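The values are calculated or read from the model by the stated rules, or taken from the named source; none is laboratory data. It should be emphasised that the depicted structure is a prediction, and the values quoted were computed from it without experimental measurement. We place every Cβ from the backbone using ideal geometry, glycine too, and count neighbours over all the protein chains shown.
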Amino acid sequence: MGKSEVHPFIVKDCALIQIATGYKAQSLKDLKEYMGAVDIDCVYYHFWGSLMAPAFEEPEFNNDFASWVYKELHDPLLAERLAVIDPCDYDDLEELRQELIDIIEARMDELEYMPVAKYDKQFHFIRGFLVVFDTYKRIEDPAHLAFEVPKMSAGSLFYHFIDARRRTPDRVDDFRAWLYGFGDEYKPLCDKLAGIDPFFTTLTDLRETLAKIFREYFGA
Amino acid sequence: MGKLDKLAEITGYHVVEHLYQLAHWVKGLKVVHINSTKEGGGVAEILKNIVPLMKELGIEAHWEIITGGDLFFQCTKAMHNALHGRHVVISERLIREYERTNEENAQKLGALLSDADIVFIHDPQPAALIAHFPDRKGKWIWRCHIDVSRPVRSVWRYLRNFVTEYDASIFHLATFAQHLPHPMFLIPPSIDPLGEKNVPLSELEVKAVLSELGVDVDRPYVLQVSRFDRLKDPIGVIEAYRMVKRYSPSLQLVLAGGGASDDPEGMAVLEEVKMAAEGDPDIKVLYLPPKADRTINALQRGAVVVLQKSIREGFGLTVTEAMWKFKPVIGGDTGGIRLQVVNHHTGFLVNSPEGAALRIRYFLNNPDKIDEMGKKAHKFVLENFLITRHLRDYLTVMISLLHGLKGRLELV
């Protein structure tokens with residue numbers, strides 16, 4: 001498909017607000033039970049949404065469940081099993097939720113005791129509410145990504161690079177989804193984008209990484 | 001140049017552009033913030049910064065305070081302590097005064113509040129205002145700045161009668177959220193990098209301020225800046241300093257803080273601290289006036305190590321301020337300090353004077369670590385705890401409440 005036939009890239013932006021659910025897990029058993037009971041948006045938040053929340057630059061795990069199990073329940077084995085889950089492998093969030101419950105249940109069967117966290121180190125189930133809006137910016141030519149991406153807000157990057165993996169049919173970011181529309185022309189660029197793991201970076205660092213890739217590719 | 005443009009120079013223009021785009025959806029709305037003091041404490045400081053920025057974004061923002069007498073503030077201070085988990089007795093007389101004062105203020109603020117699109121009520125002092133506006137037009141939000149994770153239940157039950165009437169509440173952290181029949185948003189507070197308390201200062205100015213305060217500029221000092229409040233554990237800080245002093249005889253300690261008009265206990269705690277410090281000329285206990293922002297700025301910049309050894313802490317903006325100035329912080333392992341002090345990265349979390357002493361000694365012997373952790377601390381604040389992020393969260397809450405909280409919201 002030629003450039004003129006591909007629709008422009010619509011730059012959107014978003015803001016995510018955290019909402020407490022009141023569900024607090026003290027033990028592994030609580031984690032499993034509440035996992036089945038909470039709003040499905042909680043599962044989204046603890047995998048994806050927390051990347052928009054205050055977080056330190058060096059996350060050890062790619063989701064909050066694994067992190068809590070490791071730090072507060074002191075169960076590194078279960079933490080590793082939870083951390084290996086790639087949420088993009090699941091068609092919907094209910095399937096992902098079920099996988100989490102299955103892994104936790106399997107671990108409970110193996111254990112001879114029930115791990116419990118200290119009173120004030122509970123796991124708090126949080127729901128993320130996403131507000132998405134159009135910036136009315138359009139990118140017609142892929143080469144323009146080299147100077148548009150460095151100007152994007154953290155919300156735009158989250159929406160197009162992380163949240164997109166839930167929305168797009170191939171579970172890819174919006175940049176690749178758009179570039180695929182040009183056929184094989186940008187395949188090397190798409191391969192580079194595929195190599196970025198968004199779960200182990202901050203949005204600020206992600207912006208720099210993306211900007212560098214686009215700059216180098218387009219020689220800007 | 002507007003303030004938002006100046007902030008953009010620090011945060012990047014994309015951050016401010018994002019704010020303008022979000023604000024487009026709430027432009028022209030009448031938003032009212034109510035608290036109980038214009039001076040002293042974190043809430044007044046945030047409002048002083050955030051209200052003008054809301055106006056700059058095209059929102060008709062107002063900030064009003066409720067007024068009350070000594071009995072009212074005795075009551076609200078007792079409530080504050082009880083919500084932090086300290087056992088106190090609040091007499092019927094004080095409760096009546098609390099309700100009467102809220103009723104009086106409701107009359108005074110009636111026209112403004114009845115007509116507002118969004119009302120933010122900050123902390124317990126004005127929480128009961130809502131009872132006097134049964135026909136309110138707008139959305140009312142209770143903004144809690146206190147660590148209410150383990151409140152005295154009887155006091156929380158009383159306050160909850162009012163809080164449940166609100167359309168939403170906001171807490172700093174999920175740990176603080178209680179069971180309430182409305183959405184409970186989570187928003188940490190923030191600092192203003194352009195405020196007098198955080199603007200860059202020359203080394204010359206820092207030294208001049210320190211000399212004026214009697215601090216020896218040629219010797220290192222550790223610092224805690226906070227209101228004189230038992231929950232901030234100033235006595236524990238003195239104990240920690242004394243444990244370190246035998247290893248670092250040249251060390252000084254500065255305990256600096258002011259009072260707030262809604263805190264009647266401050267002077268009593270100050271006296272306790274002065275007594276504990278008696279006999280050691282290297283301990284400076286500084287009671288600062290409300291407008292001492294630049295002095296606090298200088299004190300934070302000059303300190304070798306900053307402490308916030310609170311026993312309970314809503315958030316701890318002094319932690320954020322110190323981190324912004326490239327200082328790692330030794331903080332109490334509690335409340336909002338945990339969100340900021342990432343153990344071994346942006347500082348250390350401690351649980352006792354002994355723990356604080358150990359970490360002070362570690363820093364004094366590893367100055368490279370102060371630099372390394374200080375840089376991480378600054379970046380962490382830049383990305384998460386500046387006023388621009390706070391403003392974005394408030395705008396998002398307003399939009400969410402006006403449009404509904406189902407699934408995700410696509411604004412078109």
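For region B:370-396: of the residues being among the polar types (S, T, N, Q) and at the interface with chain A (Cβ under 10 Å from one of its Cβ atoms), which is nearest to the chain's Cα centre (by Cα)?
So, considering only residues that are among the polar types (S, T, N, Q) and at the interface with chain A (Cβ under 10 Å from one of its Cβ atoms), the one nearest to the chain's Cα centre (by Cα) is B:Asn384.
Considering A:Tyr159, A:Tyr119, A:Tyr136, A:Tyr113, which residue is under 30 Å from A:Trp68 (Cβ atoms), within 14 Å of chain B (Cβ to nearest Cβ) and either surrounded by fewer than 18 Cβ atoms within 10 Å (Cβ to Cβ) or more than 19 Å from the chain's Cα centre (by Cα) (or both)?
On the way: A:Tyr159 fails: either surrounded by fewer than 18 Cβ atoms within 10 Å (Cβ to Cβ) or more than 19 Å from the chain's Cα centre (by Cα) (or both); A:Tyr136 fails: under 30 Å from A:Trp68 (Cβ atoms); A:Tyr113 fails: within 14 Å of chain B (Cβ to nearest Cβ).
It is A:Tyr119.
Table: residues versus (1) small (Gly, Ala, Ser); (2) part of a strand (DSSP E or B); (3) within 14 Å of another protein chain (Cβ to nearest Cβ); (4) within 23 Å of the chain's Cα centre (by Cα).
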{"position": "A:Ile101", "(1), (2), (3), (4)": "no, no, no, yes"}
{"position": "A:Phe147", "(1), (2), (3), (4)": "no, no, yes, no"}
{"position": "A:Gly155", "(1), (2), (3), (4)": "yes, no, yes, yes"}
{"position": "A:Val172", "(1), (2), (3), (4)": "no, no, no, yes"}
{"position": "A:Leu189", "(1), (2), (3), (4)": "no, no, no, yes"}
{"position": "A:Thr204", "(1), (2), (3), (4)": "no, no, yes, yes"}
{"position": "A:Arg215", "(1), (2), (3), (4)": "no, no, no, no"}
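Name the residues in region B:109-124 that are part of a strand (DSSP E or B) and over 11 Å from B:Lys30 (Cβ atoms), would you? If you could, list the steps in order and put the result at the bottom.
Filtering region B:109-124 for residues part of a strand (DSSP E or B) gives B:118-122.
The answer is B:Phe120, B:Ile121, B:His122.
Among the listed residues B:His132, B:His145, B:His87, which satisfies the condition of being within 30 Å of B:Lys27 (Cα to Cα), surrounded by fewer than 19 Cβ atoms within 10 Å (Cβ to Cβ) and out of contact with any Ser or Thr (no Cβ under 9 Å at 6 or more places or on another chain)?
B:His132
If I ask for residues that are at pLDDT below 90, within 18 Å of A:Thr21 (Cβ to Cβ) and surrounded by fewer than 21 Cβ atoms within 10 Å (Cβ to Cβ), which ones from region A:51-104 would you list?
Correct list: A:Ala53 only.
Quick one: which of B:Ser149, B:Ser169 is within 29 Å of B:Gly336 (Cβ to Cβ) and assigned to a loop (DSSP other than H, G, I, E, B)?
Result: B:Ser149 is the single residue among B:Ser149, B:Ser169 that is within 29 Å of B:Gly336 (Cβ to Cβ) and assigned to a loop (DSSP other than H, G, I, E, B).
For every residue, the table says whether it meets (1) of a type in the set (D, E, K, R); (2) within 11 Å of chain A (Cβ to nearest Cβ); (3) surrounded by fewer than 21 Cβ atoms within 10 Å (Cβ to Cβ).
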| site | (1), (2), (3) |
| --- | --- |
| B:Val306 | no, no, no |
| B:Thr346 | no, yes, no |
| B:Leu349 | no, no, yes |
| B:Met398 | no, yes, no |
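Scan region B:1-19 for residues that are touching a helix residue (DSSP H, G or I) at 6+ places or on another chain (Cβ under 8 Å), in contact (Cβ under 8 Å) with a residue 24 or more places away in the chain and assigned to a helix (DSSP H, G or I) and jot them down.
Across region B:1-19, the qualifying residues are B:Lys3, B:Leu4, B:Leu7, B:Ile10, B:Thr11, B:Val15, B:Val16, B:His18, B:Leu19.
Of the residues that make up region B:351-366, is at least one among the hydroxyl-bearing types (Ser, Thr, Tyr), away from chain A (no Cβ under 14 Å) and touching a residue at least 12 places away in the same chain (Cβ under 8 Å)?
Yes: region B:351-366 contains one or more residues that are among the hydroxyl-bearing types (Ser, Thr, Tyr), away from chain A (no Cβ under 14 Å) and touching a residue at least 12 places away in the same chain (Cβ under 8 Å).
Pairs under 6 Å by beta carbon, first residue in contact (Cβ under 8 Å) with a residue 40 or more places away in the chain in region A:27-49, partner of a type in the set (Ser, Thr, Tyr), six or more apart or different chains?
As it stands, the answer is A:Tyr34/A:Tyr23; A:Val38/A:Thr21; A:Val38/A:Tyr23, since those pairs meet every condition given.
Criterion first (under 23 Å from B:His390 (Cα atoms), touching a residue at least 60 places away in the same chain (Cβ under 8 Å) and either under 21 Å from the mean Cα position of the chain (by Cα) or surrounded by 16 or more Cβ atoms within 10 Å (Cβ to Cβ) (or both)) does A:Ala20 satisfy it?
yes
Go through (1) out of contact with any His (no Cβ under 9 Å at 6 or more places or on another chain); (2) within 14 Å of chain A (Cβ to nearest Cβ); (3) assigned to a helix (DSSP H, G or I); (4) within 26 Å of B:His172 (Cβ to Cβ) one by one and return the number of the condition B:Gly85 breaks.
B:Gly85 satisfies every listed condition except (3).
Please state which of the following conditions B:Glu205 fails to meet, knowing it meets all the rest: (1) surrounded by 16 or more Cβ atoms within 10 Å (Cβ to Cβ); (2) over 22 Å from the mean Cα position of the chain (by Cα).
(1)
Give region B:224-258 a look and list any residue that's of a type in the set (Phe, Trp, Tyr) and either out of contact with any helix residue (DSSP H, G or I) (no Cβ under 9 Å at 6 or more places or on another chain) or crowded, with 24+ Cβ neighbours inside 10 Å (or both), or say none.
B:Phe228, B:Tyr241, listed by residue number.
Across region B:169-196, which residue is farthest from A:Gly128 (Cα to Cα) among those that are surrounded by fewer than 21 Cβ atoms within 10 Å (Cβ to Cβ) and more than 9 Å from chain A (Cβ to nearest Cβ)?
Once the filter is applied, the top-ranked residue is B:Glu196.
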